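J.: I have a structure here, written as C-alpha coordinates, and I will follow up with some questions on it.
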Amino acid sequence: MSERDLIKHAVCVFCGARPGDDPRYIEVATAAGEAIARRGLTLVYGGGSVGLMGAVANGALAVGGEVVGIMPRKLMERELGHTGLTRLEVVPDMAVRKTRMIELSDSFLSLPGGMGTLDEIFEVLTLRQVGYHSKPSGLLDQMGYYQPLMKMLHGLAKEGFVSSADVDRIIIQPEIETLLDQLTAPANPS
Ligand code: AMP
(Lines give C-alpha, C1' and ligand atoms only; values in the text may rest on other atoms or scores of the structure.)
Protein backbone atom coordinates (compact mmCIF):
# COMPACT_ATOMS: atom_id res chain seq x y z
CA MET A 1 0.00 0.00 0.00
CA SER A 2 1.28 3.47 -0.80
CA GLU A 3 1.99 5.94 1.98
CA ARG A 4 -1.15 7.91 1.18
CA ASP A 5 -3.84 6.10 -0.79
CA LEU A 6 -6.95 7.94 0.36
CA ILE A 7 -8.50 10.16 -2.26
CA LYS A 8 -10.98 12.23 -0.27
CA HIS A 9 -10.07 14.59 2.56
CA ALA A 10 -9.44 12.32 5.54
CA VAL A 11 -10.26 13.52 9.04
CA CYS A 12 -8.48 11.68 11.83
CA VAL A 13 -10.56 11.46 15.01
CA PHE A 14 -8.93 10.94 18.39
CA CYS A 15 -11.27 10.03 21.25
CA GLY A 16 -11.77 7.82 24.26
CA ALA A 17 -11.79 4.04 24.19
CA ARG A 18 -14.24 4.44 27.10
CA PRO A 19 -17.78 5.85 26.84
CA GLY A 20 -17.45 8.36 29.69
CA ASP A 21 -20.00 8.62 32.46
CA ASP A 22 -22.40 11.05 30.79
CA PRO A 23 -24.44 9.42 27.97
CA ARG A 24 -24.17 12.64 25.97
CA TYR A 25 -20.55 11.81 25.14
CA ILE A 26 -21.65 8.84 23.04
CA GLU A 27 -24.22 11.06 21.32
CA VAL A 28 -21.57 13.66 20.54
CA ALA A 29 -19.25 11.01 19.06
CA THR A 30 -22.02 9.40 16.99
CA ALA A 31 -23.07 12.80 15.61
CA ALA A 32 -19.45 13.64 14.78
CA GLY A 33 -19.07 10.41 12.80
CA GLU A 34 -22.32 11.11 10.93
CA ALA A 35 -21.28 14.68 10.14
CA ILE A 36 -17.90 13.56 8.77
CA ALA A 37 -19.50 10.90 6.57
CA ARG A 38 -22.33 13.17 5.35
CA ARG A 39 -19.69 15.56 4.00
CA GLY A 40 -18.14 12.71 2.05
CA LEU A 41 -14.97 12.84 4.15
CA THR A 42 -13.03 9.72 5.10
CA LEU A 43 -12.84 8.96 8.82
CA VAL A 44 -9.49 7.68 10.06
CA TYR A 45 -9.36 6.53 13.69
CA GLY A 46 -7.84 3.98 16.05
CA GLY A 47 -9.99 1.07 14.89
CA GLY A 48 -11.72 0.17 18.17
CA SER A 49 -15.35 -0.89 18.56
CA VAL A 50 -15.90 0.30 22.13
CA GLY A 51 -16.38 3.63 23.86
CA LEU A 52 -16.41 6.85 21.87
CA MET A 53 -14.14 5.20 19.30
CA GLY A 54 -16.84 2.68 18.45
CA ALA A 55 -19.52 5.39 18.46
CA VAL A 56 -17.75 7.68 16.01
CA ALA A 57 -17.10 4.78 13.62
CA ASN A 58 -20.67 3.50 13.87
CA GLY A 59 -22.03 7.01 13.32
CA ALA A 60 -20.08 7.32 10.07
CA LEU A 61 -20.84 3.78 8.88
CA ALA A 62 -24.57 4.20 9.55
CA VAL A 63 -24.77 6.91 6.90
CA GLY A 64 -22.56 5.10 4.38
CA GLY A 65 -19.23 6.69 5.26
CA GLU A 66 -15.74 5.41 4.52
CA VAL A 67 -13.95 4.46 7.75
CA VAL A 68 -10.33 3.39 8.08
CA GLY A 69 -9.16 1.98 11.42
CA ILE A 70 -5.53 1.61 12.53
CA MET A 71 -5.07 -0.93 15.33
CA PRO A 72 -1.90 -2.11 17.05
CA ARG A 73 -1.68 -5.88 17.29
CA LYS A 74 -1.60 -5.86 21.07
CA LEU A 75 -4.79 -3.83 21.39
CA MET A 76 -6.82 -5.89 18.92
CA GLU A 77 -8.41 -7.81 21.78
CA ARG A 78 -8.58 -5.19 24.50
CA GLU A 79 -10.21 -2.52 22.39
CA LEU A 80 -12.05 -5.08 20.28
CA GLY A 81 -11.09 -4.23 16.72
CA HIS A 82 -14.13 -3.08 14.76
CA THR A 83 -15.12 -5.75 12.23
CA GLY A 84 -17.41 -3.62 10.05
CA LEU A 85 -14.98 -0.96 8.82
CA THR A 86 -14.19 -0.11 5.24
CA ARG A 87 -10.60 -1.05 6.11
CA LEU A 88 -8.85 -2.14 9.29
CA GLU A 89 -5.05 -1.98 9.27
CA VAL A 90 -3.26 -3.94 12.01
CA VAL A 91 0.12 -2.38 12.80
CA PRO A 92 2.98 -3.59 15.04
CA ASP A 93 2.73 -1.05 17.86
CA MET A 94 1.31 2.20 19.24
CA ALA A 95 4.03 4.38 17.71
CA VAL A 96 3.42 3.01 14.22
CA ARG A 97 -0.31 3.49 14.75
CA LYS A 98 0.11 7.20 15.43
CA THR A 99 2.49 7.63 12.51
CA ARG A 100 0.07 5.85 10.18
CA MET A 101 -2.95 7.85 11.35
CA ILE A 102 -0.98 11.07 10.83
CA GLU A 103 0.32 10.20 7.36
CA LEU A 104 -3.13 9.11 6.14
CA SER A 105 -4.97 12.20 7.38
CA ASP A 106 -5.46 15.77 6.24
CA SER A 107 -6.76 17.12 9.54
CA PHE A 108 -7.22 16.05 13.17
CA LEU A 109 -10.33 16.31 15.28
CA SER A 110 -10.42 15.38 18.95
CA LEU A 111 -13.49 14.39 20.91
CA PRO A 112 -13.47 13.77 24.66
CA GLY A 113 -11.07 11.06 25.76
CA GLY A 114 -8.44 10.07 28.28
CA MET A 115 -4.67 9.85 28.39
CA GLY A 116 -4.41 8.04 25.06
CA THR A 117 -6.39 10.82 23.39
CA LEU A 118 -4.20 13.49 25.00
CA ASP A 119 -1.10 11.62 23.86
CA GLU A 120 -2.42 11.60 20.29
CA ILE A 121 -3.38 15.28 20.40
CA PHE A 122 0.07 16.26 21.63
CA GLU A 123 1.87 13.99 19.17
CA VAL A 124 0.20 15.87 16.32
CA LEU A 125 0.67 19.31 17.90
CA THR A 126 4.33 18.77 18.76
CA LEU A 127 5.13 17.40 15.31
CA ARG A 128 3.56 20.51 13.82
CA GLN A 129 5.43 22.72 16.28
CA VAL A 130 8.76 21.47 14.96
CA GLY A 131 7.67 21.55 11.32
CA TYR A 132 7.02 17.90 10.45
CA HIS A 133 3.61 18.76 9.00
CA SER A 134 1.24 21.70 8.65
CA LYS A 135 -2.11 19.96 9.05
CA PRO A 136 -4.81 21.58 11.21
CA SER A 137 -5.93 20.27 14.60
CA GLY A 138 -9.29 20.93 16.21
CA LEU A 139 -10.89 20.15 19.53
CA LEU A 140 -14.64 19.59 19.73
CA ASP A 141 -15.54 21.51 22.84
CA GLN A 142 -19.12 20.41 23.31
CA MET A 143 -19.88 20.47 27.05
CA GLY A 144 -16.68 22.49 27.63
CA TYR A 145 -14.53 19.35 27.76
CA TYR A 146 -11.37 21.00 26.49
CA GLN A 147 -11.59 24.29 28.40
CA PRO A 148 -9.21 23.12 31.19
CA LEU A 149 -6.64 21.96 28.62
CA MET A 150 -6.82 25.26 26.72
CA LYS A 151 -6.49 27.15 29.99
CA MET A 152 -3.36 25.17 30.79
CA LEU A 153 -1.87 25.75 27.33
CA HIS A 154 -2.52 29.51 27.54
CA GLY A 155 -0.86 29.42 30.97
CA LEU A 156 2.20 27.67 29.53
CA ALA A 157 2.38 30.31 26.80
CA LYS A 158 2.15 33.07 29.40
CA GLU A 159 5.10 31.52 31.23
CA GLY A 160 7.12 31.43 28.01
CA PHE A 161 7.24 27.65 27.49
CA VAL A 162 4.93 27.48 24.49
CA SER A 163 4.55 29.94 21.64
CA SER A 164 1.19 31.71 21.66
CA ALA A 165 1.05 31.19 17.90
CA ASP A 166 1.13 27.41 18.41
CA VAL A 167 -1.69 27.61 20.96
CA ASP A 168 -3.77 30.00 18.84
CA ARG A 169 -3.48 27.62 15.88
CA ILE A 170 -5.53 24.98 17.72
CA ILE A 171 -9.10 25.25 16.47
CA ILE A 172 -11.53 24.98 19.35
CA GLN A 173 -15.24 24.89 18.57
CA PRO A 174 -18.31 23.68 20.46
CA GLU A 175 -20.16 22.78 17.28
CA ILE A 176 -19.17 19.94 14.92
CA GLU A 177 -20.22 21.54 11.62
CA THR A 178 -18.31 24.76 12.34
CA LEU A 179 -15.28 22.74 13.38
CA LEU A 180 -15.40 20.65 10.19
CA ASP A 181 -15.77 23.83 8.10
CA GLN A 182 -12.55 25.13 9.62
CA LEU A 183 -10.65 21.84 9.44
CA THR A 184 -11.44 21.38 5.75
CA ALA A 185 -10.98 25.01 4.67
CA PRO A 186 -8.16 25.66 2.20
CA ALA A 187 -4.98 26.13 4.21
CA ASN A 188 -4.46 29.57 5.71
CA PRO A 189 -0.87 30.75 5.75
CA SER A 190 0.18 30.67 9.39
P1 AMP B 1 -8.01 6.85 25.82
O2 AMP B 1 -8.21 8.30 25.49
O3 AMP B 1 -7.00 6.65 26.92
O4 AMP B 1 -9.29 6.12 26.05
O5 AMP B 1 -7.34 6.21 24.55
C6 AMP B 1 -7.75 6.56 23.29
C7 AMP B 1 -6.90 5.88 22.28
O8 AMP B 1 -5.53 6.20 22.52
C9 AMP B 1 -7.00 4.37 22.34
O10 AMP B 1 -7.04 3.87 21.02
C11 AMP B 1 -5.70 3.94 22.98
O12 AMP B 1 -5.26 2.73 22.46
C13 AMP B 1 -4.77 5.03 22.55
N14 AMP B 1 -3.66 5.12 23.47
C15 AMP B 1 -3.67 4.88 24.79
N16 AMP B 1 -2.44 5.07 25.32
C17 AMP B 1 -1.63 5.43 24.31
C18 AMP B 1 -0.24 5.75 24.16
N19 AMP B 1 0.59 5.76 25.19
N20 AMP B 1 0.22 6.06 22.94
C21 AMP B 1 -0.60 6.09 21.90
N22 AMP B 1 -1.90 5.81 21.95
C23 AMP B 1 -2.42 5.48 23.13
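J.: Would you kindly derive the ³J(HN,Hα) couplings of the stretch 83-91 from the backbone phi angles with the Karplus curve 6.51 cos²θ - 1.76 cosθ + 1.60 (θ = phi - 60°), listing them in order in whole Hz, with x for Gly and Pro?
T.: Once θ is set to phi - 60°, the couplings for the stretch 83-91 become 8, x, 7, 4, 7, 10, 9, 9, 10 Hz.
J.: Report, by chain and number, residues whose modeled amide H sits under 5 Å from the one on Val44, excluding near sequence neighbours (fewer than 5 apart, same chain).
T.: Val11, Cys12, Val13, Val68
J.: Give me the accessible area per residue for the stretch 4-184, probe 1.4 Å, as a whole number in Å². Each step should come with its number before you reach the end.
T.: On the way: 8650 Å² over 181 residues.
On a per-residue basis, the stretch 4-184 sits at 48 Å².
J.: Among Glu159, Glu77, Glu34, which one shows the biggest mean-square fluctuation in a GNM of the chain, springs joining Cα atoms closer than 10 Å?
T.: Judging by the Gaussian network model, the answer is Glu159.
J.: Which shape class, rounded, prolate or oblate, goes with the stretch 150-190 when its Cα gyration tensor gives a ≥ b ≥ c as root eigenvalues, a/c under 1.5 marks rounded, and past that a/b bigger than b/c marks prolate?
T.: Cα axes put the stretch 150-190 in the oblate bin.
J.: State the Cα centre-to-centre distance between the stretch 83-103 and the stretch 8-54 in whole Å.
T.: Their Cα centres are 15 Å away from one another.
J.: In addition: Pick from Ala95, Ala57, Ala35: which residue has the top mean-square fluctuation in a GNM of the chain where Cα pairs under 10 Å get a spring?
T.: In the Gaussian network model the winner is Ala95.
J.: Now a separate question. Of all accessible surface on the stretch 17-164 at a 1.4 Å probe, what whole percent is carbon and sulfur?
T.: On the way: 4050 of 7230 Å².
Taking all protein chains in place, the stretch 17-164 shows 56 percent carbon and sulfur surface.
J.: Further question on the same structure: Could you rank the peptides 125-132, 176-183 by their average count of other C-beta atoms within 10 Å per residue, with the highest value first?
T.: On the way: 125-132: 12.6, 176-183: 17.6.
Going by the mean number of other Cβ atoms within 10 Å, highest first, we get 176-183, 125-132.
J.: For Arg73, enumerate residues with amide H under 5 Å from its amide H, sequence gap 5+ or separate chain, H modeled in the peptide plane.
T.: Val91, Asp93
The values are calculated or read from the model by the stated rules, or taken from the named source; none is laboratory data. The structure presented is a predicted model; accordingly, all values stated were derived computationally and were not measured. Heads up, the Cβs are rebuilt from the backbone with ideal geometry, glycines too, and the neighbour counts pull from every protein chain shown. When the accessible area is computed, the model is the full protein with side chains, heavy atoms only, and any ligands, DNA or RNA have been set aside. Shrake-Rupley method; radii C 1.70, N 1.55, O 1.52, S 1.80 Å.
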